[in-house]
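Input: a single structure, listed below in structure tokens.
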Amino acid sequence: MLKIYDTMSRDLREFVPIEEGKVRMYVCGPTVYNYAHIGNARPMVVFDVLKRLFEAEGYSVTYVSNFTDVDDKIINNAIEENTTEAVIAQRYIDAYQDVRKMLNTEVPDITPRVTETMDGIISFIKELVDNGSAYVSDNGDVYFSVEARSEEH
């Protein structure tokens, strides 16, 4: 039996997949405005180990990690270098993947870019707000509602 620490309950809990024999992992990836740093390397290693552990336990794993390729820092770098945001993002995605190889971690099964999935992101955020799992702050930002999540447990 595989147990995982649940930070909300502050306890070890038995891992039970949503779908028998399958694990779907979504890991927030880097914002690609500069070279990878230790904060980027940590999730590469941690979630690679977790994926391999699930596979060793017999699960079929789909591992998704995005690239945030739209950000003020990316735009500012592009302006400074007189190039496009896509060029900046691709440079640092390539560098990030080089670090992944050096760390001997596997490439996720799916690596979507925020710019390619924006409509879906907006739709998902709207759904979270509509069902009370998130809320819009006074300044227009949207935040996940910890209270709503706590009520589910």
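The values are calculated or read from the model by the stated rules, or taken from the named source; none is laboratory data. Small disclaimer: the values here were computed from a predicted structure and weren't measured. So basically every Cβ, Gly included, is an ideal-geometry build from the backbone, and we count neighbours across all protein chains shown. To get the accessible areas, we keep the full protein, side chains included, count just its heavy atoms, and leave off ligands, DNA and RNA. Shrake-Rupley method; radii C 1.70, N 1.55, O 1.52, S 1.80 Å.
Just the number, please: carbon plus sulfur as a percent of the accessible area of region 1-112, 1.4 Å probe, no ligands or DNA/RNA counted.
Working: 3810 of 7240 Å².
Of the solvent-accessible surface of region 1-112, carbon and sulfur hold 53 percent.
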Notebook entry, point to check: Taking the alpha-carbon set of the chain, what are its Rg and Dmax in Å?
Noted result: 18.0, 55
Checklist line | Under Karplus coefficients 6.51, -1.76 and 1.60, residue-wise ³J(HN,Hα) of region 24-32 in Hz, glycine/proline x | finding: 10, 10, 10, 10, 5, x, x, 8, 9
Notebook entry, point to check: Can you give the calculated 222 nm mean residue ellipticity of the chain, where each DSSP H run of n ≥ 4 adds -39,500 (n - 2.57) and the sum is split over every residue, rounded to the nearest 500 deg cm²/dmol?
Noted result: -14000 deg cm²/dmol
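Can you pull the Kirkwood radius for region 84-153, inverse mean 1/r over Cα pairs, to one decimal in Å? Walk me through the intermediate numbers first.
Working: mean 1/r = 0.0658 Å⁻¹.
The answer is 15.2 Å.
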Next item on the list: Check the straight Cα-Cα distances from residue 3 and name the lysines below 26 Å, setting aside those fewer than 8 residues away within the same chain.
Entry: 22, 51
Notebook entry, point to check: Roughly how many debye, to the nearest 20, is the charge dipole of the chain about its Cα centre, given +1 on each Lys and Arg Cβ, -1 on each Asp and Glu Cβ, and no other charges?
Noted result: 580 debye
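Would you mind working out the magnitude of the charge dipole of region 1-80 relative to its Cα centre, with +1 at each Lys and Arg C-beta and -1 at each Asp and Glu C-beta, to the nearest 20 Debye? Intermediate results must be reported in sequence, preceding the final value.
Details: 9 positive and 12 negative charges, 44 e Å.
Rounded to the nearest 20 debye, it is 220 debye.
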Next item on the list: Would you check the accessible area of residue 135, probe 1.4 Å, heavy atoms only, in square angstrom rounded to 10?
Entry: 110 Å²
Notebook entry, point to check: In the chain, with Lys and Arg counted as +1 and Asp and Glu as -1 at Cβ, which of these residues, 132, 143, 43, has the Cα nearest the positive end of the dipole, that is, farthest along it?
Noted result: 43
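Per residue, what accessible area does the chain have, given a 1.4 Å probe and all protein chains present, in Å²?
Values: 10480 Å² over 153 residues.
Roughly 68 Å² per residue, with all protein chains present.
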